[in-house]
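Presented below is the structure to which this report refers.
Readers should treat all values here as calculations from the given coordinates under stated rules, not as data from a laboratory. As the structure is a prediction and not an experimental result, all values here were calculated from the model. For neighbour counting, all protein chains shown are included, and Cβ atoms are generated from backbone atoms with ideal geometry for every residue, glycine included.
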Amino acid sequence: MVNFDDKRSFYRMMLNSDVTVTIIDDEANSTLTATCRDLSATGMAIEMSHPIELNTDVRVTIDSSGNAVQPLDVKGKVVRVTEESSECYLIGINIAEID
């Protein structure tokens, strides 16, 4: 049974899915790969080998595993960066728009 004692407004779904992260800027949109650890209606946590600066605008795409479900494509902003080890960072993203 799911326990909502963590006071979240939306249920957080645990994942282990590969994602494509595009850093949105005026000069060149850099594309990186990462792993989505969890996802909710308003945010996600991704794991990657290097940090992304706070307040960076990003687009995250999660490919679908089949034709029955469409890929997820969201725009958001980096709101948290936690170093878990020397080559592992947990990036918190606040979702602003779902395409």
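Measuring from a point 7 Å past the Cα of HIS50 along Cα-to-C-beta, which residues in segment 75-90 have an amide N at less than 13 Å?
87-89
If packing is taken as the average number of other Cβ atoms within 10 Å across a peptide's residues, how do 83-96, 21-34 rank, most packed first?
Going by the mean number of other Cβ atoms within 10 Å, highest first, we get 83-96, 21-34.
Longest span of the chain, sites excluded, free of trypsin sites (Lys or Arg not before Pro) in DSSP loop with at most 16 other C-beta atoms within 10 Å?
For trypsin sites (Lys or Arg not before Pro) (loop position, at most 16 other Cβ atoms within 10 Å), the longest site-free span of the chain is 9-99.
Full-extension gain between VAL81 and ILE24, please, as 0.36 nm times their residue separation minus the C-alpha to C-alpha distance.
The VAL81-ILE24 span can extend by a further 18.8 nm.
Hey, of [x] 2, 8, 10, 7, 6, 6, 7, 7, 7, 8, 10, 11, 8, 3, 0; [y] 3, 14, 27, 25, 20, 9, 3, 0; [z] 3, 13, 23, 26, 17, 12, 5, 1, 0, 0, which did the structure itself give for P(r) over Cα pairs in 5 Å bins from 0, in percent when calculated?
[z]
Just to confirm a number: summing +1 for Lys and Arg and -1 for Asp and Glu over residues other than VAL21 whose beta-carbon lies under 14 angstrom from that of VAL21, what do you get?
Once all neighbours under 14 Å are counted, the net charge is -3.
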